[in-house]
Amino acid sequence: SKDYLSAGLTHLPSLYTFFSILYLVFLGCWIYVCYTNKRSVHRIHLLMSGLLLFKALNLICAAEDKHYVKVTGTPHGWDVLFYIFQFIRVVLLFTVIILIGTGWSFLKPFLQEREKKVLMIVIPLQVLANVASIVIGETGPFIKDWVTWNQLFLLVDIVCCCAIIFPIVWSIRSLRETSKTDGKAARNLAKLTLFRQFYIVVIGYLYFTRIVVFALRTIAAYKYQWVSNAAEETASLAFYLVMFYMFRPAEKNEYFILDEEDEEAAEIALRDEEFEL
């Protein structure tokens, strides 16, 4: 039978189908966790549910797109659905990271002016980045401005990745300042630890998916081009699992429990100037 995909991409339909099933299972588990902890569910958890749904739909459309290209040579319209769900998924991902990083729903029920500005900058930039992605995906190096679009997409993506780090840093600094006055050292130390861990996870995810995946795509032999896609999807799934576990709805979340026995140790840790990023 004819295979219209290159040797390095012929495994993509199976790869995307496998990961779409994993995300659907993940979504089912997340809905169950939210249902069993209804009292602790915040608005951010609903956004996180939407993020999982659109990620799964995005992968389903990617699988169908590559399948039809492999069999017939054309995507039969699945590429349009893929780009739509890709756009929604990317915007939702950056929005969720920013809202979690600012502590929205966890630390405070509102956004400050500077945090709103970050959202207003990142979302339009992601729209621009997705337009560039569509142009790159639907054309090739033969068009005049293909290299320019590539460079523009890369630049916008890096700007967005840098921008979403600031709200997390602001939350850590704010928590550190309030911990000196409100007298709940153990609770504040737990929150500081949580947000610092989230900061490290986000940095690791962005570094791997932007730098390591690009390196894999560049150095891999043509028969193993699918390995970079597998690595990117594996890293994304790991990031989603860690983020959703850290900020899951729970009536007795271990990060937010105030243990009187740990107050003294927490106060010492908070006074330690080494507790920084």
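Annotation note: chymotrypsin sites (Phe, Trp or Tyr not before Pro) in region 67-129 located in DSSP loop regions with a Cβ neighbour count of at most 14 within 10 Å are PHE110.
Charge tally around THR95: other residues with Cβ under 15 Å, Lys/Arg +1 each, Asp/Glu -1 each, net +4. Ordered by solvent-accessible area of protein heavy atoms (1.4 Å probe), largest first, the residues TYR240, TYR32 come out as TYR32, TYR240. The length gained by stretching the chain between VAL131 and SER40 to full extension, at 0.36 nm per residue less their Cα-Cα distance, is 29.0 nm. Computed 3J(HN,Hα) for region 64-72, one whole-Hz value per residue from the Karplus formula 6.51 cos²θ - 1.76 cosθ + 1.60 where θ = phi - 60°, is 5, 4, 5, 5, 5, 5, 4, 8, 10, glycine and proline marked x. Compute the distance from the alpha-carbon center of region 57-74 to that of region 18-48, in whole Å. For region 57-74 versus region 18-48, the Cα centre distance is 27 Å.
Determine the sum of side-chain charges near ARG114: Lys and Arg each +1, Asp and Glu each -1, restricted to other residues whose C-beta is under 14 angstrom from that of ARG114. Spell out each step's value before the answer.
Working: positive: LYS108, LYS116, LYS117, ARG173; negative: GLU113, GLU115.
Cβ neighbours under 14 Å give a net charge of +2.
The values are calculated or read from the model by the stated rules, or taken from the named source; none is laboratory data. From a predicted model like this one, the values you see are computed outputs, not experimental measurements. Note that each Cβ is placed from the backbone with ideal geometry, even for glycine, and that neighbours are counted across all protein chains shown. Accessible surface areas use protein heavy atoms only, side chains included; no ligands, DNA or RNA. Shrake-Rupley method; radii C 1.70, N 1.55, O 1.52, S 1.80 Å.
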